[in-house]
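A short worksheet on the structure shown next.
The values are calculated or read from the model by the stated rules, or taken from the named source; none is laboratory data. Since the model is a prediction, treat every value here as computed from it, not as a measurement. Because the Cβ atoms are built from the backbone with ideal geometry, glycine has one as well, and the counts that use them run over all protein chains shown. What goes into the accessible areas is simple: the full protein's heavy atoms, side chains included, and nothing from ligands, DNA or RNA. Shrake-Rupley method; radii C 1.70, N 1.55, O 1.52, S 1.80 Å.
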Amino acid sequence: MTNKRSLSYTTIIVVLLGLCIAGGVLVWQTWRASQTADNGRVPIGGPFTLVNQDGQTVTEKSWPGQHLLVYFGYTYCPDVCPGDLQTLSLALEQLEKDNPKAAAKVQPLFITIDPERDTVSAIKEYVGLFHPRLIGLTGTPAQVDAAKKSYRVYAVKREDESASDYLMDHTALVYLISPEGEYEAHFTSNTAPDVMAKRIGELVE
C-alpha cells in the first residue's frame, strides 16, 4: 500500500513539474517576443532564403505588400504544431469571412525547424492538411538556422537514446510581420482563432 501511495505521489510531482516547466517556457517565449531594442523596434523578423514546397527558392521579399503570418515547427510534431496550425487556419478562415480585403493581404508561412527530415515533398504534403494558402518552407540546416535567428526562435532536438525517432523542443508562437519586415504582433497556443482574426484585421487594415 505504501509503495503504491509513494508511486502516486511521485507521478503527481512529475506531472506538476512538467506543467510548471511548460508554463514557464510559454511565459518566457511571450516575454522574449515582446522585448524591444534600443531603437524601440522588436527585433523579430528579418532576411531569410529558403525553399518552398514546390522546390522554388524564396526570401522574405517574395511576397511584396503582404503581411507575413509566420509559424516555426516541424512535420513530425505530435500535437503542438498541428494544433497551432489549425488555429492559424481557422483564424484566416474567420478573417476571410469577416474582412476579405484584409485577409487577402496576409500570407501564412510554415517554416520547418527540422530540415533533416522535412524535405520539400514532406513539407508539401504537410501544409496541404491546413489552410489552402499556407506555404511551407525548408532549406539547408544553415538556411533554417539563419531564419530561426531572424525570428529569435528556440529549437533543439530532444535526445532520447531509447526512442527510435526524436522530438524537437521549440518556440511555439505565430508572428505577424509587416510588409516592411517589422514585427507587428505575436500569438500563443492559447490564442483563440476569433481573437487572432480580429487582431490581424485591426493591424492589416
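Open to solvent by less than 40 Å² (accessible area, probe 1.4 Å) and under 25 Å from P115 (Cβ atoms) - does that describe any residue in region 155-166?
Yes, some residue in region 155-166 is open to solvent by less than 40 Å² (accessible area, probe 1.4 Å) and under 25 Å from P115 (Cβ atoms).
Looking at region 106-122, is at least one residue crowded, with 18+ Cβ neighbours inside 10 Å, over 18 Å from the mean Cα position of the chain (by Cα) and over 30 Å from E159 (Cα atoms)?
No, the conditions are met nowhere in region 106-122.
Are any residues in region 117-136 under 21 Å from Y166 (Cβ atoms) and in contact with a helix residue (DSSP H, G or I) (Cβ under 7 Å, 6 or more places away or on another chain), and if so, which ones?
G136
State whether one or more residues within region 87-99 are in contact with a His (Cβ under 7 Å, 6 or more places away or on another chain), closer than 15 Å to A172 by Cβ, in contact (Cβ under 8 Å) with a residue 24 or more places away in the chain and of a type in the set (V, I, T).
no
Determine whether region 30-40 contains at least one residue that is open to solvent by less than 90 Å² (accessible area, probe 1.4 Å), modelled with pLDDT of 50 or more and not acidic (D, E).
Yes, there is a match, as at least one residue in region 30-40 is open to solvent by less than 90 Å² (accessible area, probe 1.4 Å), modelled with pLDDT of 50 or more and not acidic (D, E).
Residue by residue, here is whether (1) among the polar types (S, T, N, Q); (2) part of a helix (DSSP H, G or I); (3) more than 13 Å from the chain's Cα centre (by Cα); (4) at positive phi holds:
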{"position": "D169", "(1), (2), (3), (4)": "no, no, no, no"}
{"position": "Y175", "(1), (2), (3), (4)": "no, no, no, no"}
{"position": "G181", "(1), (2), (3), (4)": "no, no, yes, yes"}
{"position": "H186", "(1), (2), (3), (4)": "no, no, no, no"}
{"position": "A197", "(1), (2), (3), (4)": "no, yes, yes, no"}
{"position": "G201", "(1), (2), (3), (4)": "no, yes, yes, no"}
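Exactly one condition in (1) open to solvent by 40 Å² or more (accessible area, probe 1.4 Å); (2) modelled with pLDDT under 95 is not met by P132; state its number.
(2)
Consider P179 carefully, then state whether it is open to solvent by less than 70 Å² (accessible area, probe 1.4 Å) and under 14 Å from T87 (Cα atoms).
So P179 fails the test.
Considering only region 91-151, give the helices (runs of 4 or more DSSP H) lying wholly within it that have at least 2 residues that are farther than 25 Å from M196 by Cβ.
Qualifying helices (runs of 4 or more DSSP H): 120-127, 141-150.
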